[in-house]
Amino acid sequence: MVKMPDPQSDFSVFGDMFYGAVASRLLMSAIDLAVFDHLEQAASAQAVARLLPAHPRNAQLMLDALCALGLLRKSQGQYQNQPPTSEFLVRGKAVYLGHWLQLADESWQDCLGGLTDKIRSGPGQAPPDEHWNAAAYCERFTRAHAATSLAGVARQMAAIVADAPGFDACRRMLDLGGGPGVNAMAVAQANEGLAAVVFDRPEIVAIARGYIDEYGMSARVSTMGGDYLSDDIGGEYDLIMVTDSLYYGDAELDQVLAKCRQALAPGGLLVGVHAVLTEEATQPAKMVLAMLPEALAGQAALPERGFLARAMARHGFAEISSRMALVAGAPMEVNVGRRPAEA
């Protein structure tokens, strides 16, 4: 008689991974169908099916599955949004995240559709208008980024920056690569004496000006358009904030940091907040997976922890400190350094 296997590991982890993909597809289908728009008030599956429109039985199966995911609640056959669903997944809400999720989904679908081939043959050549740095993509990303900032990221970033030593005394700040300007507005609101400049590509700061005007911050937050690798970024700043922007090789990173050091007033602060990898680029799992489509396409890769602190040290920043912080549930490295006061 052959002895039966005696496994020492639990294989359920593989099922969890697989069904996670099912959950993400269900979420995106619900967003594409605008299901959550119709469930601010309780409604039956039949009513939702008529509004979408959708097959009645399949609509009910979808709604039950969304309840299983915690996105809806069901009581006596009536479905209704859970509070986070109502806040973030209903079109027209101030912090609607559907466009952000759809943008991420497009990236993932391109990757997943040919994942095995990409692993075998390499990244290939992306069409210019589909590259992550293309103007059209950057504009869509900027608007999606604004939604996530308004949904809580900006408040968390402001708390991180406000924790820097001497923040309360800062009067002039540059948000380098500041995108839609929402983070800069949040930091300015944390220090009533602070005026901020958002620097980014001209087409991006045009979007930022819209948000700055909408939230009544134009008196304290201005914009400057250009390429910070080659253009002037101003000077005499007490604080330069750089968030999720300095993902360059050492040569370009050194170029930007030299410019930042020159733009800071003596004693001024540089605060950088970036996603990084740890444990030989295998963790955090969320960051490794989030960047996989761009990485496989040869368009982007996250640096390892410590990259910015080392570069800041090369450029003579003093009092350099590094720590990890959670931003929207993702671990980010916070680096703070000071331009030494003039001798």
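Could you name the lysines whose alpha carbon sits less than 30 Å from that of residue 118, not counting residues in the same chain fewer than 8 places away? Counting by Cα, and skipping residues close in sequence, residue 118 has these lysines nearby: 286.
Per residue, the range 1-66 exposes an accessible area of 71 Å² to a 1.4 Å probe, with every protein chain left in place. With contacts taken as Cα pairs under 8 Å at a separation of at least 6 residues, the chain carries a relative contact order of 12 percent. What angle, in degrees between 0 and 90 and rounded to the nearest 10, separates the Cα long axis of helix 12-32 from the longest principal axis of the Cα atoms of the chain? So the helix axis and the longest Cα principal axis differ by about 80 degrees.
For the chain, the carbon plus sulfur part of the accessible surface works out to 56%, probe radius 1.4 Å.
Once you have the Cα-Cα distance between residue 229 and residue 111, take 0.36 nm times their residue separation minus that, and quote the gain in nm to one decimal. Working shown, then result.
Values: separation 118, 0.36 × 118 = 42.48 nm, distance 2.97 nm.
Extending this stretch completely gives an extra 39.5 nm.
The Rg/Rh ratio for the chain is 1.03, where Rg is the radius of gyration of the alpha carbons and Rh is the Kirkwood radius.
Under a 1.4 angstrom probe, counting protein chains only, how are 274, 38, 55 ranked by accessible area, largest first?
Values: 274 0, 38 60, 55 110 Å².
Of 274, 38, 55, the descending order of accessible area is 55, 38, 274.
The gain in end-to-end length when the residue 304 to residue 251 segment is fully stretched comes to 17.4 nm, 0.36 nm per residue minus the alpha carbon separation. Within a straight-line Cα-Cα reach of under 23 Å, residue 74 can be paired with the following lysines, leaving aside sequence neighbours fewer than 8 residues apart in one chain: 93. With a simple spin-label model that places each label point 7 Å from the Cα along the Cα-to-Cβ direction, the separation between residue 120 and residue 213 comes to 5.3 nm. Protein heavy-atom accessible surface, 1.4 Å probe, per residue over the range 267-343: 45 Å². Expressed to the nearest 5 percent, the antiparallel share of DSSP beta bridges inside the chain is 50 percent. Rolling a 1.4 Å probe over the protein heavy atoms gives the range 127-260 an accessible area of 43 Å² per residue.
Between the listed residues 148, 235, 210, the Cα displaced farthest toward the positive end of the dipole of the range 108-248, a dipole computed from Cβ unit charges relative to the Cα centre, is found at 148.
Can you give the FRET efficiency to the nearest 0.05 for residue 22 and residue 236, using r as the Cβ-Cβ distance and R₀ = 56 Å? List each step's numbers first, then the result.
Numbers: r = 54 Å, r/R0 = 0.97.
The pair residue 22/residue 236 has a calculated efficiency of 0.55.
In whole percent, what relative contact order does the range 61-181 give with Cα contacts below 8 Å and a gap of six or more residues?
Details: 75 pairs, mean separation 21.8, N = 121.
Computed value for the range 61-181: 18 percent relative contact order.
When N is the residue count of the range 51-126, what does its C-alpha Rg come to as a fraction of 2.2 N^0.38 Å?
With N residues counted in the range 51-126, Rg over 2.2 N^0.38 Å equals 1.53.
Residue 342 sits among other residues whose Cβ lies under 14 Å from its own Cβ, and their net charge, with Lys and Arg +1 and Asp and Glu -1, is +2. Note on surface exposure: 9, 24 rank 9, 24 by accessible area, highest first, 1.4 Å probe.
Here the contact order of the range 1-132, divided by its residue count and restricted to Cα pairs under 8 Å and six or more residues apart, works out to 19 percent. Per-residue 3J(HN,Hα) values for the range 108-119, derived from phi via the Karplus relation 6.51 cos²θ - 1.76 cosθ + 1.60 with θ = phi - 60°, read 5, 5, 4, 6, 5, x, x, 4, 4, 5, 5, 5 Hz in sequence order (x marks Gly and Pro).
The values are calculated or read from the model by the stated rules, or taken from the named source; none is laboratory data. Since the structure is predicted, the reported quantities are computational estimates derived from the model, not experimental observations. Neighbour counts are summed over all protein chains in view; Cβ atoms, including those assigned to glycine, are modelled from backbone coordinates with ideal geometry. Each accessible area value is taken on the protein alone, full model and side chains, heavy atoms only, with ligands, DNA and RNA left out. Shrake-Rupley method; radii C 1.70, N 1.55, O 1.52, S 1.80 Å.
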